[in-house]
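> Structure in structure tokens, see below.
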Amino acid sequence: MTVNGLQGDVENAMNLGLSLAELRDLQQLIEREERSDDQILAIEIADTSGTILFSTDKARLETPLPEDWVRTMSRSEGGIWQEDYEGNPVLGATLRNTFGQVAGGVMLRYNKLAVTSRTEAVRPGLAAAGAVALLVCSLLTVAGVWLVFRKIIAGFRTAETYVAEALVAGRAQTLSKPTGALGDDIISVVETIQQADQELKQAAEKA
């Protein structure tokens, strides 16, 4: 968010017709942003050649950026790019002028140890929350599967009872008929068997 905000502020200032080197207020801007977050180690703004024009680390002023940083900055098509400096992560954004040409870049170096320590601090809570969420989801899944299979098994039992009573005892009219697509198929099969049985009996009587 900080890098995106700085990118927008600098590009808006360049839209007024000033070059990057002429924006002297940028030094105060990046110093204010650095003081706002103790995780930030340094903020720097460089031109297209990679020369650092503004930096909260005074020893880095007028020094060149690494060549791979300059290549990344010049080839970026937008968004945030990431590099590394002395073991600490660096987030950068390419600056463009009103004509869409690369005018430089803004880079923010932050303390990896500070981020890691905060991550370690919240990890137990996240692990506990994850375990609770997993347990709840597992219980809900088991309960859902049990309810679904309970309904299916009950349907099979109703169908089994209907078939047995209808074909053996001949009491299909007084039985509770199975429902659903399977129930309709079972009723159709039972009626077909009963009709065939009746026709066989009639044929046997005639014979």
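> Quickly run through region 73-87 and pick out the residues that are free of Cβ contacts under 8 Å to residues at least 12 places away in the same chain and surrounded by 14 or more Cβ atoms within 10 Å (Cβ to Cβ).
Those that are free of Cβ contacts under 8 Å to residues at least 12 places away in the same chain and surrounded by 14 or more Cβ atoms within 10 Å (Cβ to Cβ): none in region 73-87.
> So Q101 ticks every box in (1) surrounded by 10 or more Cβ atoms within 10 Å (Cβ to Cβ); (2) free of Cβ contacts under 8 Å to residues at least 12 places away in the same chain but one. Which box is left unticked?
Status for Q101: all satisfied but (1).
One line per residue, one yes/no per condition, for (1) modelled with pLDDT of 75 or more; (2) part of a helix (DSSP H, G or I); (3) open to solvent by 80 Å² or more (accessible area, probe 1.4 Å):
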{"position": "T141", "(1), (2), (3)": "yes, yes, yes"}
{"position": "G144", "(1), (2), (3)": "yes, yes, no"}
{"position": "F149", "(1), (2), (3)": "yes, yes, yes"}
{"position": "A164", "(1), (2), (3)": "no, yes, no"}
{"position": "V190", "(1), (2), (3)": "yes, yes, no"}
{"position": "Q198", "(1), (2), (3)": "yes, yes, yes"}
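> Test T48 against the stated conditions and say whether it is in contact with a helix residue (DSSP H, G or I) (Cβ under 8 Å, 6 or more places away or on another chain), open to solvent by 50 Å² or more (accessible area, probe 1.4 Å) and touching a residue at least 24 places away in the same chain (Cβ under 8 Å). If you could, list the steps in order and put the result at the bottom.
Numbers: in contact with a helix residue (DSSP H, G or I) (Cβ under 8 Å, 6 or more places away or on another chain): yes; open to solvent by 50 Å² or more (accessible area, probe 1.4 Å): yes; touching a residue at least 24 places away in the same chain (Cβ under 8 Å): yes.
Yes.
> Scan region 34-55 residue by residue and report those that are part of a loop (DSSP other than H, G, I, E, B) and more than 18 Å from L95 (Cα to Cα).
Once the filter is applied, which keeps residues that are part of a loop (DSSP other than H, G, I, E, B) and more than 18 Å from L95 (Cα to Cα), region 34-55 yields S36, D37, D38, Q39.
> If you don't mind, there's one more thing I want to ask. Select from region 51-72 the residues that are open to solvent by less than 40 Å² (accessible area, probe 1.4 Å) and under 34 Å from the mean Cα position of the chain (by Cα) and write down the one among them that is nearest to L20 (Cα to Cα).
The residue in question is V70.
> Then there is this: Checking the conditions here, which among A13, A21 is of a type in the set (G, A, S), open to solvent by 30 Å² or more (accessible area, probe 1.4 Å) and part of a helix (DSSP H, G or I)?
Details: A13 fails: open to solvent by 30 Å² or more (accessible area, probe 1.4 Å).
From the options A13, A21, the qualifying one is A21.
> Please go through region 104-133 and pick out each residue that is at pLDDT 90 or above and out of contact with any strand residue (DSSP E or B) (no Cβ under 7 Å at 6 or more places or on another chain).
Selection gives A133 alone.
The values are calculated or read from the model by the stated rules, or taken from the named source; none is laboratory data. Quantities reported herein were computed from a predicted structural model and do not represent experimental measurements. Neighbour counts run over all protein chains shown; Cβ positions are idealised from the backbone, glycine included. Heavy atoms of the whole protein, side chains included, go into the accessibility calculation; ligands, DNA and RNA do not. Shrake-Rupley method; radii C 1.70, N 1.55, O 1.52, S 1.80 Å.
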